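Here's the structure we're looking at; comments come further down.
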Ligand SMILES: *[C@@H]1O[C@H](CO)[C@@H](O)[C@H](O)[C@H]1NC(C)=O
């Protein structure tokens, strides 16, 4: 009867080294230079974070854990107050892309002319990310 016990230990050790065992915090900040508000809607396959209206200086935030399969993906659609016809799309957290880059916190800033900057915790730097127009 030694074996089942060992198996449990192995599983617990694997679990503690895996990506899924901790909370990740997302933070998306409106720093548009022209004072516009941002309408933001973020969700994953399982969770709808809902709609945010972010005035300049305001942020949307939420926390989650990566699912067991490592397939967690949160994506966002946003519109600027100057046009409700154009939506922009970006991934706020993709496990494949971000599990090291955002190991505990995923910070985003929407800045001048709608540029999207994401913070890389590992390299300690901000990077420009593309927005898809939809
Ligand atoms: C609306 O605002 C965004 C963000 O500042 C800007 O990129 C875009 O060109 C503006 N669109 C119009 C139609 O003014």
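The values are calculated or read from the model by the stated rules, or taken from the named source; none is laboratory data. All values derive from a computational prediction rather than experimental measurement. All Cβ positions, even for glycine, are placed from backbone atoms using ideal geometry, and neighbour counts span all protein chains on display.
Going by what's in this entry, would residue 118 be described as in contact with a strand residue (DSSP E or B) (Cβ under 9 Å, 6 or more places away or on another chain) and within 16 Å of the ligand (Cβ to nearest atom)?
On the way: in contact with a strand residue (DSSP E or B) (Cβ under 9 Å, 6 or more places away or on another chain): yes; within 16 Å of the ligand (Cβ to nearest atom): no.
When the stated conditions are applied, residue 118 does not pass them.
Answer yes or no as to whether residue 68 is away from the ligand (no atom under 15 Å from the Cβ), under 19 Å from residue 29 (Cβ atoms) and either over 11 Å from the mean Cα position of the chain (by Cα) or part of a strand (DSSP E or B) (or both). Reasoning before the result, please.
Working: away from the ligand (no atom under 15 Å from the Cβ): yes; under 19 Å from residue 29 (Cβ atoms): no; either over 11 Å from the mean Cα position of the chain (by Cα) or part of a strand (DSSP E or B) (or both): yes.
Taking the combined requirement at face value, the residue does not satisfy it.
Sort out which residues of region 79-88 are under 21 Å from the mean Cα position of the chain (by Cα) and near the ligand (Cβ under 10 Å from one of its atoms), and write them in order of number. Before you say what the answer is, go through the steps one by one.
Applying the first criterion (under 21 Å from the mean Cα position of the chain (by Cα)) to region 79-88 yields 79-80, 87-88.
Listed by number, the residues that qualify are 79, 80, 88.
Is it the case that some residue within region 96-114 is within 16 Å of the ligand (Cβ to nearest atom) and under 18 Å from residue 47 (Cα atoms)?
The first filter runs over region 96-114 and keeps only residues within 16 Å of the ligand (Cβ to nearest atom), leaving 108-114.
With the extra rule that they be under 18 Å from residue 47 (Cα atoms), the set shrinks to none.
No: zero hits.
Given the criterion touching a residue at least 12 places away in the same chain (Cβ under 8 Å), buried (at least 17 other Cβ atoms within 10 Å of the Cβ) and not in a strand (DSSP E or B), identify the matching residue among 102, 106. It would help to see each step written out before you state the result.
Details: 106 fails: not in a strand (DSSP E or B).
One residue alone meets the criteria, 102.
Tell me yes or no: at least one residue of region 44-53 is modelled with pLDDT under 95, over 18 Å from residue 110 (Cα atoms) and outside any loop (DSSP other than H, G, I, E, B).
No, there is no match, as no residue in region 44-53 is modelled with pLDDT under 95, over 18 Å from residue 110 (Cα atoms) and outside any loop (DSSP other than H, G, I, E, B).
Would you be able to say whether some residue in region 13-34 is out of contact with any strand residue (DSSP E or B) (no Cβ under 8 Å at 6 or more places or on another chain) and at pLDDT 85 or above?
Initial filter on region 13-34 (out of contact with any strand residue (DSSP E or B) (no Cβ under 8 Å at 6 or more places or on another chain)): 13-19, 33-34.
Still in the list and also at pLDDT 85 or above: 33-34.
Checked against the condition, which is being out of contact with any strand residue (DSSP E or B) (no Cβ under 8 Å at 6 or more places or on another chain) and at pLDDT 85 or above, region 13-34 yields at least one hit.
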